[in-house]
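J.: If you scroll down you'll find the structure; I have some questions about it.
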Amino acid sequence: MFRPMIAAFALMAGLSPAPAQQPARSPDADPTFVEPKDTAHRHCAGSCVKSGSLQWYCRADQTCSLDCGTAPPKRHCHDPKP
């Protein structure tokens, strides 16, 4: 009895039953999976529930991020903001 009423109120309020997803911020450069020996770099690590622990490398001035919402998880390197 209450379930149809809740759905009706959600539709009137403009809510959708599916969760809203934020678009993933696009990476500025591809990550490296082999540690660079001749240049400064950032060691990045993260973990996802299904994939476990992941490691990758970015340039020293970049930030790292991990997107566990994709299969396989995406590892990103982002350039600094100006």
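The values are calculated or read from the model by the stated rules, or taken from the named source; none is laboratory data. Only a predicted model underlies this, so the values are computations on that prediction, with no experimental measurement involved.
J.: Please enumerate the residues belonging to segment 45-65 that are assigned to a strand (DSSP E or B), farther than 22 Å from residue 82 by Cα and among the hydrophobic types (A, V, I, L, M, F, W, C). Even if it seems obvious, please write down each step before you answer.
T.: Taking segment 45-65 and keeping what is assigned to a strand (DSSP E or B), we get 45-48, 52-59, 63-65.
Narrowing further to those that are farther than 22 Å from residue 82 by Cα: 45-48, 52-56.
Those that are assigned to a strand (DSSP E or B), farther than 22 Å from residue 82 by Cα and among the hydrophobic types (A, V, I, L, M, F, W, C): 45, 48, 54, 56.
J.: Same structure again: Identify all residues within segment 1-59 that are small (Gly, Ala, Ser), on the phi < 0 side of the Ramachandran plot and modelled with pLDDT under 90; write none if there are none.
T.: Of everything in segment 1-59, those that are small (Gly, Ala, Ser), on the phi < 0 side of the Ramachandran plot and modelled with pLDDT under 90 turn out to be 7, 8, 10, 13, 16, 18, 20, 24, 26, 29, 51.
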